[in-house]
Amino acid sequence: MDRILIVEDDKTIAMGIEYSLRQEGFAARICHSAAGAREAFRQEAFRLIILDVSLPDGDGFELCKEFRKQGDTPVIFLTACDEEVNVVMGLDMGADDYITKPFRVRELISRIKSVLRRYNVQADPKSEISLGGLRISPAEAKVYKYDKPVALTTLEYKLLLTLAGSAGQVLTRNQILAGIWDVAGDFVNDNTLTVYIKRLREKIEDDPASPEIIKTVRGLGYKVGD
């Protein structure tokens, strides 16, 4: 049975989520503080974490960073703030999804199942993708440059995988946005995509100013590989 950690200081919301998760066959543990969440994370293994951004003794963004340093447990943020800058910040810190309050519990359950499906896919270990000195390992969900690991956010990794999965083809910006939609929803638009392409190039290109991996095809989109 998949066990989920709920970190939410509003007891009514937390109990509602817990009840719905149990109805769906999940096990759940509730923590109302950052300190409690850290202790729970040390004691047990969880398949997914539902994390409120605003906690009485800490910041959900910082807590997410701590969890990410210790493993790749999926994280879904809960927050009352839907400003794009906060959403992008959460995704940059490794969150897998982001849902704003008030929300429908059925929507949250759907998001949880979607994230778990992505993590449950067993990639063929032979399906590594090589692009020059770059190596993408879907089985590990990791990227290596000259055999050294490259630290990518969830969204950056999904973006690279979307481009690399169509190596040799030109992808329009709309096609790329569709490929990362399940990670970022409405929060990555045409403008922010440009920012993420730039960030990704800075991490994987030898010379980001003259990219050799992610090439711009003027007037059409982007292309990876020949």
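The values are calculated or read from the model by the stated rules, or taken from the named source; none is laboratory data. No experiment lies behind these values; they were computed from the predicted model shown. Every residue, glycine among them, receives a Cβ derived from its backbone with ideal geometry; neighbour counts consider all protein chains shown.
Listed values, structure above:
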quantity: Residue tally, condition in contact with a Leu (Cβ under 7 Å, 6 or more places away or on another chain) and not in a loop (DSSP other than H, G, I, E, B), over region 166-178; calculated: 5
quantity: Number of positions in region 149-165 that are among the small types (Gly, Ala, Ser) and in a helix (DSSP H, G or I); calculated: 1
quantity: Residue count for region 77-114, restricted to those that are within 12 Å of Leu51 (Cβ to Cβ) and at pLDDT below 70; calculated: 3
quantity: Strands (runs of 3 or more DSSP E) (entirely within region 1-87) containing at least 1 residues that are small (Gly, Ala, Ser) and surrounded by fewer than 18 Cβ atoms within 10 Å (Cβ to Cβ); calculated: 27-31
quantity: Those residues of region 62-73 which are among the hydrophobic types (A, V, I, L, M, F, W, C) and within 14 Å of the chain's Cα centre (by Cα), in sequence order; calculated: Cys64, Phe67
quantity: Complete set of residues in region 134-159 that are touching a residue at least 60 places away in the same chain (Cβ under 8 Å) and closer than 19 Å to Tyr222 by Cα; calculated: Leu134, Leu155
quantity: Enumeration of residues in region 42-72 that are farther than 10 Å from Ala95 by Cβ and in contact (Cβ under 8 Å) with a residue 40 or more places away in the chain; calculated: Glu44, Ala45, Phe46, Arg47, Leu48, Ile50, Asp52, Ser54, Leu55, Pro56, Leu63, Asp72
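Rundown of residues vs (1) under 22 Å from the mean Cα position of the chain (by Cα); (2) of a type in the set (Val, Ile, Thr); (3) outside the structural domain of Lys113 (by TED's automatic domain parsing), yes/no style:
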| residue | (1), (2), (3) |
| --- | --- |
| Val7 | yes, yes, no |
| Glu24 | no, no, no |
| Arg38 | yes, no, no |
| Arg47 | yes, no, no |
| Leu51 | yes, no, no |
| Gly60 | yes, no, no |
